[in-house]
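Readers should treat all values here as calculations from the given coordinates under stated rules, not as data from a laboratory. Please read all numbers here as calculations on a predicted model, not as lab measurements. Glycine also receives a Cβ, built like all others from the backbone with ideal geometry; neighbour counts cover every protein chain displayed.
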Amino acid sequence: MTAHGSTPRGAARRPGGRPAAPSALRAAARLPGRLRDAWDRPLTAYYVILGGSLLITVLGLVMVYSASMIQALRYGLPSTFYFRKQLLAVAIGSVLLYAAARMPVRLHRALAYPILLGSVFLMCLVQVPGIGQTVNGNTNWISIGGPFQIQPSEFGKLALVLWGADLLARKGDKGLLVQWKHLLVPLVPVTVLLLGLIMLGGDMGTTMILTAILFGMLWLAGAPTRLFAGVLGGAGVLAFLAIVTSSNRMDRLHCIAASDPDNGCWQAVHGIYALASGGWFGSGLGASVEKWGELPEPHTDFIFAVTGEELGLAGTLSVLALFAALGYAGIRVAGRTEDPFVRFAAGGVTTWITVQAVINIGAVLGLLPIAGVPLPLFSYGGSALLPTMFAIGLLISFARSEPAARAALAVRGRNGRRSPNRARTRTMRRYVTRRPSGER
C-alpha cells in the first residue's frame with residue numbers, strides 16, 4: 001500500500017508529475033512491431049521507391065541550381081543555365097520513368113537487345129575522330145547539337161542490366177545456370193566488350209559500376225564461391241594494371257585522405273573543407289563559399305560537398321537516408337519476386353544505384369579515389385539522369401507487379417479509397433505471407 005499522492009515504485013511519470021498512462025507505455029512497446037508491419041505491407045516498396053526517388057530528384061534540382069550559379073556566371077552564361085538544362089532532363093526522364101513503370105515485364109525483356117545494340121553502336125561512334133568529344137580528359141561524349149551532349153556509356157549500364165537479366169532468366173528456365181560456362185558465357189565477354197569500349201575513352205569510374213553490376217548479377221544467379229572469387233580476382237588484376245599505367249589515376253589514388261591542396265589534391269581537399277564548414281545545419285542555400293571557384297565541378301561530381309556546406313550534416317544525412325531506403329526497397333523487390341528476370345533486373349538496378357552513390361560520396365568524403373561519377377538522380381547531367389530514371393521506372397513496375405501489390409491496387413481501384421473491410425484485410429495478409437518457393 002502506498003501513501004496518498006505517491007506513485008508505485010517503477011511507474012513512469014508525465015512531465016507534470018502525474019503517472020504516465022499504461023496505455024502509452026504499451027503503445028511505445030508495440031511501436032517496433034507496428035513499424036515492421038508497415039514495412040511488410042504490399043505497397044510499401046512501391047511508395048518508398050517512388051517517393052524516395054522523387055525526393056532525391058527534387059532536392060538535386062535545388063542543389064544543382066545553387067551549386068551551378070557561379071559556374072555559369074564565370075562562363076558568361078545566365079545563372080539558371082545549368083538548372084534549366086537539368087530541369088529539361090528531369091522532364092524527359094519523368095516521361096521515361098512513367099513509361100517504364102507502366103510497361104509489362106515482357107516488353108522490358110523485348111527492349112534488352114535493341115538497347116544493348118544501340119549502346120554498343122554509340123560507344124563505337126564515340127571513337128570515330130570528329131564525332132567523339134573530349135570532356136575533362138575523357139573521350140566519352142557525342143555532341144547532338146548546341147550545348148547538348150550525350151554520354152553513351154551511361155546507357156551501357158541500363159543495357160547491361162536488361163540484357164543480362166534476360167539472358168540469365170532464359171538460361172535459368174532451361175536449368176543451365178548450374179554449369180559455369182553457361183553462367184559466364186556470353187555474359188562476361190559482352191561485359192568485357194562494354195568495359196573495353198568505355199576504357200578506350202579513359203572513363204574508369206563507369207567501368208567500376210558496370211563491373212559491380214556484373215558481380216551483382218552473378219551473385220544473384222548463385223555463382224559458386226570459387227568462380228565468383230576467380231572473376232573478382234581477374235577484375236582486380238585488370239583494375240590494378242589500369243591504375244598503375246596511368247599517372248592521373250595514381251595521383252587520384254594518392255589523394256585519399258589528403259590534407260594538402262597544393263599536392264595535386266586540390267579538389268579532394270576543398271571538398272572536405274566544404275563539408276567541414278557546413279556544421280550541423282549548414283550555412284544556408286546559396287551561401288556556399290567553396291563554389292566560388294575554389295571547388296572544381298561543384299554541380300556534378302562534388303555536389304554532395306556543396307550540399308554539406310549549405311545544408312549541413314542534417315542535409316547530407318537526409319540524402320544518405322534516402323539512398324539507403326531506395327536500396328533497401330530494391331532489395332525487397334528482388335527478394336520477393338517469383339520471376340527470375342525481375343529478380344536479376346531489380347538486383348542489377350539496385351547494385352548500379354547504390355554502388356554509384358557509394359563511389360561518389362566516398363570520393364567526396366576522402367575515403368575513395370575520385371572516379372568522376374555523378375551522384376544518381378542528384379548531380380547535374382542529363383546523360384546520367386535519363387537512364388537512371390528509366391531504371392527507377394523498372395523498379396516501380398516490378399514493385400507493382402508483386403501479387404500482393406496487384407491485389408492492393410485492384411482493391412483500391414474498385415473502392416476508390418481505403419476500406420476497413422475485414423475480408424479484404426484477410427486477403428491482403430494472405431498475399432503478404434505468401435513467399436516464392438524455396439524462400440525462407
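A Förster radius of 35 Å combined with the Cβ-Cβ distance from V58 to V192 puts the calculated FRET efficiency at roughly 0.40.
Of the residues G216, G233, G347, the one that moves most in a GNM of the chain with alpha-carbon contacts below 10 Å is G233. Based on the Stokes-Einstein relation at 20 °C and a viscosity of 1.002 mPa s, and on the Kirkwood radius from alpha carbon pairs, the chain is assigned a translational diffusion coefficient of 89 µm²/s. Convex hull volume of the Cα atoms of the stretch 45-130, normalised per residue: 131 Å³.
Rounded to the nearest 20 debye, the dipole size of the stretch 80-200 about its Cα centre is 300 debye, using +1 on the Cβ of Lys and Arg and -1 on the Cβ of Asp and Glu. All other residues with a Cβ under 11 Å from the Cβ of N136 taken together, and with Lys, Arg as +1 and Asp, Glu as -1, what is their net charge? So the surrounding residues net to -3.
Of the peptides 308-321, 289-302, 109-122, 246-259, how do they stack up when ordered by the mean number of other Cβ atoms within 10 Å, highest first?
289-302, 308-321, 109-122, 246-259
Taking the convex hull of the alpha carbon positions in the stretch 252-359 and averaging its projected area over all directions gives 8.0 nm².
Summing Cβ point charges (Lys, Arg +1; Asp, Glu -1) relative to the Cα centre of the chain gives a dipole of roughly 3300 debye. Label positions at I70 and A29, each projected 7 Å from the Cα along the C-beta direction, are separated by 5.6 nm.
Using a Gaussian network for the chain with springs between C-alpha atoms less than 10 Å apart, which of these wobbles most: R400, R332, R36? For the chain, modelled as a Gaussian network with Cα springs under 10 Å, the answer is R36. Between L200 and R412, the simple spin-label model (points 7 angstrom out along Cα→Cβ) gives 4.7 nm. Under conditions of 37 °C and 0.692 mPa s, the stretch 40-87 yields 268 µm² s⁻¹ as its translational diffusion coefficient, taking Rh as the Kirkwood radius over Cα pairs in the Stokes-Einstein equation. Across the stretch 257-286, the residues whose backbone nitrogen lies under 20 Å from the label position 7 Å along the beta-carbon direction of A239 are 257-258. Taking one quarter of the surface of the C-alpha convex hull of the stretch 62-221 gives a mean projected area of 11.2 nm². In this calculation the C-beta distance from V135 to Q179 is compared with R0 = 30 Å, giving a FRET efficiency of 0.10. Packing here is the average count of other Cβ atoms within 10 Å per residue, and on that basis the peptides 151-159, 192-200, 97-105, 129-137, highest first, run 151-159, 192-200, 97-105, 129-137. All other residues with a Cβ under 15 Å from the Cβ of A165 taken together, and with Lys, Arg as +1 and Asp, Glu as -1, what is their net charge? Residues close to A165 contribute a combined charge of +2. Other residues within the sphere of radius under 15 Å centred on the Cβ of T351, judged by their own Cβ, net out at +3 (K and R +1, D and E -1). Once the Cβ-Cβ distance between W39 and A324 is put in as r, and R0 is 22 Å, what FRET efficiency do you end up with, to the nearest 0.05? Given R0 = 22 Å and the Cβ-Cβ separation, E is 0.95.
Rounded, prolate or oblate, given the Cα gyration tensor of the stretch 325-420, with a/c below 1.5 counting as rounded? In terms of gyration-tensor shape, prolate. Which distance in Å, rounded to a whole number, links the C-alpha centroids of the stretch 320-377 and the stretch 139-171? Centre-to-centre distance over Cα atoms comes out at 17 Å. In plain terms, if you count all Cα to Cα distances in the stretch 221-297 and split them into 5 Å steps from zero, the share in each step is 3, 13, 15, 14, 12, 11, 10, 9, 9, 5, 1 percent.
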